[in-house]
Each structure stands twice: as structure tokens, then as C-alpha cells.
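Data first, discussion second: the structure below is written as C-alpha cells.
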């Protein structure tokens with residue numbers, strides 16, 4: 001029997017470590033500040049259509065791997081993206097629950113019923 005090469009985990013941005021410890025006491029501010037980044041928005045727009053699986057050595061959505069990883073780390077720190085292990089890869093998707101606070105805020109602005117001064 002021939003020796004098979006050892007399979008290794010793909011290189012990826014991992015959400016399994018201490019990244020989520022940086023979520024602050026003001027989650028709405030965390031979310032809005034991350035959405036102020038064009039690369040983060042590009043990744044979120046892509047993830048709305050389809051989850052992505054690591055590795056992505058050529059990057060995602062027209063961005064190189066360095067820009068992709070930097071934006072993905074920002075999204076993970078803000079808790080806007082989930083990651084789970086599937087075999088040797090990580091699969092990334094939108095963390096829907098984190099966006100509910102933003103939705104509530106935007107809905108309150110759009111459907112404003114503030115008391116008149």
C-alpha cells in the first residue's frame with residue numbers, strides 16, 4: 001500500500017478562537033463601523049447569495065487573498081459572520097442573529113413614531 005500524503009486543514013480565517021471576544025458593549029456601533037468598509041460589504045453581499053468554503057488563495061469576489069482575509073477578520077470580530085469546520089475546511093456564512101439589532105434600529109428609523117416636541 002502506497003503512503004498517502006497527509007491531509008492538512010486548509011489555511012483560513014478561523015472563528016473558533018478568541019476573535020469574538022472583541023465584541024463590545026455597543027454591538028450596534030460594532031456593526032455599523034464594520035459596514036463602513038467596502039471590502040466587508042463585498043463579502044457580505046457575496047455571502048447573502050452563497051456560503052464560502054476555505055481555502056481561497058486567490059481571494060473572493062474580485063479581491064486578493066490579503067484583502068479578503070482582512071475583511072473577513074473584521075466581520076468575524078464584529079460577529080457578523082459564522083464559521084464552522086467541515087472536514088479540512090471552514091465554511092463561512094452570515095450570522096443572521098447579529099443583524100437583528102441593526103434591523104430593529106433601521107426599522108425604528110424608517111417607521112419612526114417619535115413623540116412630537
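Which of the residues that make up the stretch 1-21 are modelled with pLDDT of 55 or more and over 13 Å from the mean Cα position of the chain (by Cα)?
2, 3, 4, 5, 6, 7, 8
Filtering the stretch 86-117 down to residues that are in contact with a strand residue (DSSP E or B) (Cβ under 8 Å, 6 or more places away or on another chain) and surrounded by 14 or more Cβ atoms within 10 Å (Cβ to Cβ), which residue is farthest from residue 31 (Cα to Cα)?
Within the stretch 86-117, the first condition is being in contact with a strand residue (DSSP E or B) (Cβ under 8 Å, 6 or more places away or on another chain), and the residues that meet it are 86, 89-95.
Keeping just the survivors that are surrounded by 14 or more Cβ atoms within 10 Å (Cβ to Cβ) gives 89-95.
Working: 89: 26, 90: 23, 91: 21, 92: 17, 93: 16, 94: 13, 95: 12 Å.
Residue satisfying both the conditions and the ranking: 89.
When the stretch 22-47 is examined, which residues are found to be surrounded by fewer than 13 Cβ atoms within 10 Å (Cβ to Cβ) and either at pLDDT below 90 or over 15 Å from residue 71 (Cβ atoms) (or both)?
Our first condition is that a residue be surrounded by fewer than 13 Cβ atoms within 10 Å (Cβ to Cβ); within the stretch 22-47, this holds for 22, 24-26, 28-29, 36, 38, 45.
Within the stretch 22-47, 22, 24, 25, 26, 28, 29 meet the criteria.
Considering only residues that are exposed (fewer than 15 other Cβ atoms within 10 Å of the Cβ) and in contact (Cβ under 8 Å) with a residue 24 or more places away in the chain, look in the stretch 54-67 and name the one that is nearest to the chain's Cα centre (by Cα).
Among residues in the stretch 54-67 that are exposed (fewer than 15 other Cβ atoms within 10 Å of the Cβ) and in contact (Cβ under 8 Å) with a residue 24 or more places away in the chain, the one nearest to the chain's Cα centre (by Cα) is 55.
Restricting the search to the stretch 53-63, which residues are within 15 Å of residue 40 (Cβ to Cβ) and modelled with pLDDT of 90 or more? Break it down into steps so the answer makes sense when it comes.
Within the stretch 53-63, the subset within 15 Å of residue 40 (Cβ to Cβ) is 59-63.
Across the stretch 53-63, the qualifying residues are 60, 61, 62, 63.
Take the stretch 68-82 and flag every residue that is assigned to a strand (DSSP E or B) and buried (at least 23 other Cβ atoms within 10 Å of the Cβ). Spell out how you get there, then give the answer.
Of the residues in the stretch 68-82, the ones assigned to a strand (DSSP E or B) are 81-82.
Hit for the stretch 68-82 is 81, nothing else.
The values are calculated or read from the model by the stated rules, or taken from the named source; none is laboratory data. As the structure is a computational prediction, the values presented were derived from the model and not from experiment. Virtual Cβ from ideal backbone geometry, glycine too; neighbours counted across all protein chains shown.
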